[in-house]
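Here's the structure, in structure tokens; my notes come after.
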Amino acid sequence: MNYQLTLLSPVHIGTGNTLTPLDFILTDDALAVFDLKQAMLAAPDRTEELSAQIARDRKRFSLTDFLTDEERQNTAFWKYSAALDAATSVLLHDELHKGHDMDVSETLKIPVESQTYIPGSSLKGAFRTALAYTIFRHDEKLFLALQERLEHVDWRRSDEA
């Protein structure tokens, strides 16, 4: 069975891994996870320059800015890429240049196709949340009873609640 899922809001199912500005590059329409090790093996004369730029200003270092246009466009060094809308791309570029913490949380991917993967358990949780929202939105008495109960929960023992 194959289904097509159309997202109506942003969904992020993380792997727990974080990508730093040394791990990715930004293009006009994508964030590409870059294989820096392979790129430097292919151009060993660039490793000293890379080290010097990182040492000069680690907070503002951007692999996107360091690489030449030719190196950025060489998809042989891309592990995978994720599409970005124009506004997100501009925001990420701006934040990189300001020297802000630019770690990016990696999403789950299907290894072979590098497509984002949403586990069934996450869909189940989303459906439950949507169902609960709909029920509580239309039954104010039930909502108030839940709200009252939640006020007395010891959140340090939330599994018991």
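The values are calculated or read from the model by the stated rules, or taken from the named source; none is laboratory data. The structure displayed is predicted, hence computed values, not measured ones. With ideal geometry, Cβ positions are generated from the backbone for all residues, glycine too; neighbour counts draw on all protein chains shown.
Could you check how many residues of region 76-88 are surrounded by fewer than 13 Cβ atoms within 10 Å (Cβ to Cβ) and within 11 Å of residue 32 (Cβ to Cβ)?
Residues flagged as surrounded by fewer than 13 Cβ atoms within 10 Å (Cβ to Cβ) and within 11 Å of residue 32 (Cβ to Cβ) within region 76-88 amount to 1.
Kindly indicate which of 60, 72, 46, 56 is free of Cβ contacts under 8 Å to residues at least 24 places away in the same chain, of a type in the set (Lys, Arg) and surrounded by 15 or more Cβ atoms within 10 Å (Cβ to Cβ).
When all the criteria are applied, what remains is 46.
Return yes or no: is residue 131 in a helix (DSSP H, G or I) and modelled with pLDDT under 85?
Criteria not met by residue 131.
Taking region 21-40, which residues are in a helix (DSSP H, G or I) and surrounded by 11 or more Cβ atoms within 10 Å (Cβ to Cβ)?
36, 38, 39, 40
Quick check on residue 92: is it closer than 11 Å to residue 25 by Cβ and modelled with pLDDT of 85 or more?
Answer is no for this residue.
Determine, yes or no, whether residue 28 is modelled with pLDDT under 80 and more than 30 Å from residue 124 (Cβ to Cβ).
So residue 28 passes the test.
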